[in-house]
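Single-structure report; data block below.
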Amino acid sequence: MDYFTLVFGSIFACVFLLFLSKRNKKLPPGPIQLPIIGNLFHLLGAKPHISLANLAKIYGPIMSLKLGQITTIVISSSTMAKQVLQKQDQAFSNRFIPNALQAHNHSKFSVTWLPVSPTWRTLRRILNSNILSLTKLDSNQHLRSQKVQQLVDYVAKCSQEGEVVIVGKAAFKTSLNLLSNILFSKDLVDPFLDSKVELKDVIWNIVAEAGKPNLVDFFPILENIDPQRIRRNMDIHFGKLFVLFDGLINERLEEKRRNNSEKNDVLEVFLKIREENSEEIDQNHINSLLLDIFIGGTDTTTSTVEWAMAEILRQPEIRKKVQAELAQVVGKGKPIEEDDVSRLPYLQCIVKETLRMHPPVPFLLPRKGEQDVELCDYIIPKGSQVLVNVWAIGRDSALWEEPLVFKPERFWSSELDVRGKDFELIPFGAGRRICPGLPLAALRMVPVMVGSLLNSFNWKLEEGINPEELDMEEKFGITLAKACPLRAITSPI
């Protein structure tokens, strides 16, 4: 009897100690929650990145909220971001998938939303090898030069005809046609006319719908009701893109059948991969990969170019300084080439400062804990959504002197880079889920587009708008766009 008492007593003691240890592991601090809605009332404004940054000043760099039924962990410092995105990257490597992105089962085939798995690794390898490797980027440099020259020609046409340049619109067409040529060897929009506007509108509609606060994401029980019709609208928009992709693929297959010829583009590679590896990669994967490239590669580049130009026009002394550098290094009035960027340090500083103040995706893409994870003495429960507020990190006064001032010179003697190693500046994320488009967008397209626009034209705001009065309000969505489109008047240099 004493033996059994000893055994059961020991078991009870172990269970009790385990219970106490679990009790001591708690959620990160956070604001008080209301019944049912939790902390949703804290996000009632149109700028949740700012609301959460302000809450982090009270509750700290790792904070927990209950958004409806969803436990959400918000990371707001570079130190905590390094913990999540590097030191415990594996534990947080999967995605918390918004309901809108599940339309057409996109998230089940998308390299952006798939969990880390053999299929994800295969798709990521396809993307990196055939589009974003150094060799491929170098081989496509002539395409980027052509598209930037078309951008310059379009602005020149506006200048000759006395028309206002809508910077974001022009940058969007340039980005879209660049990608369509890499993928399909053809333009999908006219760089000079508003023809074929449906494609542009579809992509913008997808970005708008994906960026809307969706009740279903906070209350999954509403999934079948879809009260805001966001999922249904996304089904329509995705369907239009997939019909376009299918048409382009069928057109290519018919060309190959008639002419027995091949083109040197990504579609040709995808068709070969589908044929050779049909059990693992099928048409759904290809359509979703194309969608990821178009959505991820157009809106982020567009917003960054527009923000950079807005900040430059807002401070004439910065414009004069970068134009002087361009004139000295490249020659006044010439479009710049990618090889020139390494010799244009002030232009590089402008791009970094733009990405610090205006990260394209202010929370990055949401991550998810697949099991309970211990993080800095707190427990992150299984199924939690994890948001990294890179907007807040970029404006952290503990990291940056005068963080609300656009000051490219802060990077003059700094080794900080945007490649995911310096957690003070991670607009594209870090770790295994870092944005794969970083080498194309931040390191090539943005500096070349901004530099060519500044080196080819003099820029001023519309009549009656002083630089210091320029509207710099943000519009929150899947990307952080400029609320009021930048409009400017140009003249040749």
Under the condition of being among the small types (G, A, S) and open to solvent by less than 50 Å² (accessible area, probe 1.4 Å), which residue from region 398-436 is farthest from W307 (Cα to Cα)?
G431
Among the residues of region 334-350, which ones are open to solvent by 10 Å² or more (accessible area, probe 1.4 Å) and aliphatic (A, V, I, L, M)?
V341
Can Q385 be described as free of Cβ contacts under 8 Å to residues at least 24 places away in the same chain and of a type in the set (S, T, N, Q)?
no
Counting only helices (runs of 4 or more DSSP H) entirely within region 191-261, those with at least 1 residues that are over 24 Å from T302 (Cβ atoms) are 215-218, 230-259
Which number in (1) open to solvent by less than 50 Å² (accessible area, probe 1.4 Å); (2) more than 17 Å from K47 (Cβ to Cβ); (3) out of contact with any strand residue (DSSP E or B) (no Cβ under 8 Å at 6 or more places or on another chain) marks the one condition that W391 misses?
(2)
Residue check for A392: of a type outside the set (S, T, Y) and over 26 Å from C435 (Cα atoms)
no
Of (1) of a type outside the set (V, I, T); (2) in contact (Cβ under 8 Å) with a residue 60 or more places away in the chain; (3) surrounded by fewer than 19 Cβ atoms within 10 Å (Cβ to Cβ), E209 satisfies every one except (3)
Over region 380-431, the set of residues part of a loop (DSSP other than H, G, I, E, B) and acidic (D, E) is D396, E401, E402, E415, D417, D422, E424
Report, by residue number, each residue of region 45-71 that is over 22 Å from the mean Cα position of the chain (by Cα) and among the charged types (D, E, K, R).
K57, K66
Subset of region 252-280 [hydroxyl-bearing (S, T, Y) and either in contact with a strand residue (DSSP E or B) (Cβ under 6 Å, 6 or more places away or on another chain) or under 26 Å from T135 (Cα atoms) (or both)]
S261
Evaluate the following for V446: is it crowded, with 21+ Cβ neighbours inside 10 Å and either in contact (Cβ under 8 Å) with a residue 60 or more places away in the chain or among the hydrophobic types (A, V, I, L, M, F, W, C) (or both)?
yes
Among the residues of region 449-493, the number that are aromatic (F, W, Y) and either open to solvent by less than 50 Å² (accessible area, probe 1.4 Å) or in a helix (DSSP H, G or I) (or both) is 2
Would you please name the residue that is modelled with the highest pLDDT, looking only at residues in region 121-137 that are within 19 Å of the chain's Cα centre (by Cα) and open to solvent by less than 20 Å² (accessible area, probe 1.4 Å)?
L123
For residues that are closer than 16 Å to L486 by Cα and over 27 Å from the mean Cα position of the chain (by Cα), tally how many sit in region 301-353.
1
State the number of residues belonging to region 247-263 that are open to solvent by 60 Å² or more (accessible area, probe 1.4 Å) and touching a residue at least 40 places away in the same chain (Cβ under 8 Å).
1
Any idea which residue in region 138-153 is farthest from R444 (Cα to Cα), counting only those that are polar (S, T, N, Q) and within 23 Å of the chain's Cα centre (by Cα)?
N140
Restricting region 152-169 to residues that are open to solvent by 10 Å² or more (accessible area, probe 1.4 Å), out of contact with any Asp or Glu (no Cβ under 7 Å at 6 or more places or on another chain) and hydrophobic (A, V, I, L, M, F, W, C), the residue that is farthest from E463 (Cα to Cα):
V152
How many of the residues in region 52-111 are in contact with a strand residue (DSSP E or B) (Cβ under 6 Å, 6 or more places away or on another chain) and hydroxyl-bearing (S, T, Y)?
2
Hey, does region 11-27 have a residue that's open to solvent by less than 30 Å² (accessible area, probe 1.4 Å) and modelled with pLDDT of 95 or more?
no
Does region 170-186 hold any residues that are open to solvent by 10 Å² or more (accessible area, probe 1.4 Å), more than 24 Å from P360 (Cβ to Cβ) and of a type outside the set (S, T, N, Q), and which are they?
K186
Is it fair to say P439 is over 30 Å from Q88 (Cα atoms), surrounded by fewer than 21 Cβ atoms within 10 Å (Cβ to Cβ) and touching a helix residue (DSSP H, G or I) at 6+ places or on another chain (Cβ under 8 Å)?
no
In region 274-300, residues that are farther than 17 Å from N250 by Cβ and within 26 Å of the chain's Cα centre (by Cα) total 14
Per the filter on region 97-114, residues open to solvent by 30 Å² or more (accessible area, probe 1.4 Å) and in contact with a Ser or Thr (Cβ under 9 Å, 6 or more places away or on another chain) are I97, H104, N105, K108, F109, T112
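The values are calculated or read from the model by the stated rules, or taken from the named source; none is laboratory data. None of the values given here were measured: they were computed from a predicted structure. All Cβ positions, even for glycine, are placed from backbone atoms using ideal geometry, and neighbour counts span all protein chains on display. Heavy atoms of the whole protein, side chains included, go into the accessibility calculation; ligands, DNA and RNA do not. Shrake-Rupley method; radii C 1.70, N 1.55, O 1.52, S 1.80 Å.
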